[in-house]
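Undergrad: Can you keep this structure in mind? I'll have questions shortly.
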Amino acid sequence: MAVTIEDEITGNLGGATAAALATYYDGEGGQADWDTLTDNAIARATLDAYGDVAAPETLPDLVAYWVADKATLYLIPSAIDYYQAEEHAATAAGDVSVREYDKVASLRDLRDSLRARCLENEAAVQAVVNPPSSTSYYRSVPGVSIDGLLVDPVSRARARGEQP
């Protein structure tokens, strides 16, 4: 099953919240285009996963879920700004109504749980993105110069054989 990162972000934020944010940021009250904010968050999260290596066209499912969670983390401040502005406007207009729940606190809780989930899965994502190879150890061993020639100390030790 291919994971759609945008759908996962909508699922993380909640459909009503994502729709409200899209309307706000695309409408007259917004400072930025919601699609641009989302695309930038996905690009930043993908960069977090792959670093300087070019990401494949289709991400593995584990990586796609992680990128969606990380992108949602980058979008939460915009969502908090929206709900704080909405609450301020309602208070200024004298519309004091009972809220079912505090949306800002809910977003902060979501942020904390997504941070924990991203940290928990980061090692697994890095294992998928940068699989360990049998030569990774040898690349980390510096070369040693002997008479102007670079010699790998591990290869040199193996060539000598076992010492009594």
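Undergrad: Give the calculated FRET efficiency between Ala116 and Leu47 to the nearest 0.05, with a Förster radius of 22 Å applied to their Cβ-Cβ distance. Present the calculation step by step, with values, prior to reporting the outcome.
TA: Details: r = 21 Å, r/R0 = 0.97.
Calculated transfer efficiency: 0.55.
Undergrad: Counting only residues 5 or more places away or on other chains, whose amide H sits under 5 Å from the amide H of Gly14 once H atoms are built in the peptide plane?
TA: The list, which skips near neighbours in sequence, is empty: none.
Undergrad: Now for a different question. Report ³J(HN,Hα) in whole Hz for each residue of the stretch 8-18, in order, from the Karplus equation J = 6.51 cos²θ - 1.76 cosθ + 1.60 where θ = phi - 60°; Gly and Pro get x.
TA: 5, 4, 4, x, 5, 6, x, x, 5, 5, 4
Undergrad: Taking 0.36 nm per residue of sequence separation and subtracting the Cα-Cα distance, how much length would be gained by fully extending the chain between Ala19 and Ala123, in nm to one decimal?
TA: Working: separation 104, 0.36 × 104 = 37.44 nm, distance 3.26 nm.
Taking 0.36 nm per residue and subtracting the Cα distance, the gain is 34.2 nm.
Undergrad: HN-Hα J couplings of the stretch 49-65 from phi, Karplus 6.51/-1.76/1.60, θ = phi - 60°, integer Hz, Gly and Pro as x?
TA: With coefficients 6.51, -1.76 and 1.60, one gets 6, 9, x, 7, 6, 5, 6, x, 4, 10, 7, x, 3, 4, 5, 5, 4 Hz.
Undergrad: Taking neighbour counts of Cβ atoms within 10 Å as a proxy for exposure, in what order, fewest first, do Ser113, Ser106 appear?
TA: Values: Ser113 12, Ser106 15.
Going from least to most buried by this count: Ser113, Ser106.
Undergrad: Here is a further query. Please give the FRET efficiency for Thr58 paired with Val104, using the beta carbon to beta carbon distance and R0 = 35 Å, rounded to the nearest 0.05. Please list the in-between numbers first.
TA: On the way: r = 35 Å, r/R0 = 1.01.
With a Förster radius of 35 Å, E is 0.50.
Any read-out appearing in this document is the output of simple, stated calculations on the displayed coordinates, not a laboratory observation. Worth saying up front: this structure is predicted, and the values here are computed from it rather than measured. As a convention, Cβ positions derive from the backbone with ideal geometry for all residues, glycine included, and neighbour counts pool all protein chains shown.
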